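The values are calculated or read from the model by the stated rules, or taken from the named source; none is laboratory data. Quantities reported herein were computed from a predicted structural model and do not represent experimental measurements. Cβ placement follows ideal geometry from the backbone for every residue including glycine, while neighbour counts extend to all protein chains displayed. The accessibility values were calculated without ligands, DNA or RNA, using every heavy atom of the protein model including side chains. Shrake-Rupley method; radii C 1.70, N 1.55, O 1.52, S 1.80 Å.
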Amino acid sequence: MLPSSKTPHARLAARALPVPDPSAQKQNVNHNRDLSGGKLLQFVCGGDHVIALMSPAVVMVTGRNDNHQLGLGDTELRKRFEAVESLADLPVEMVACTWKSSYAVLRDGTVMVSGFNGSGQLGMNALDRVITTFTPCKSLSSINITQVTGIGGGGALCSNACGWHMWLKT
């Protein structure tokens, strides 16, 4: 079942990913210039934000940013996709997000985090209420993480090659 147009997810999707005009496609006009730089590898949705992982290893974000969940260093709303500079030139393998947080897993297993950390749910010091740009999660630095999945309001389930799972504090 598709979400109602009254939900935040549906409203964001309608703004971030407009349906192209079929007649424009016949003329080879690219209306989605923001995501035209490569192949789409992964597309994930948070509470009111979206992350697209493009090939070659470019992370694009759009949506609400009141808790720095876009990792761009500010809290401005983005209505168009924008590249994440703090992840530029890093070998990003996958991305995930929760309501107010975002995660990126690098090829070497490093987990990069950004967004709301009021309870330490990003695995960072709980005194750092927000992480403004994607930053390595030091509490996971000795574990070769291969996958992160955002869970509900702020936690994440992580796994490594051995299949070991854990929750980041929520």
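Of note:
- Meets criteria (open to solvent by 50 Å² or more (accessible area, probe 1.4 Å), at pLDDT 80 or above and not β-branched (Val, Ile, Thr)) for LEU77: yes
- Residues located in region 51-77, provided they are assigned to a strand (DSSP E or B) and more than 22 Å from GLY118 (Cβ to Cβ): ALA52, LEU53, MET54, SER55, VAL58, VAL59, MET60, THR62
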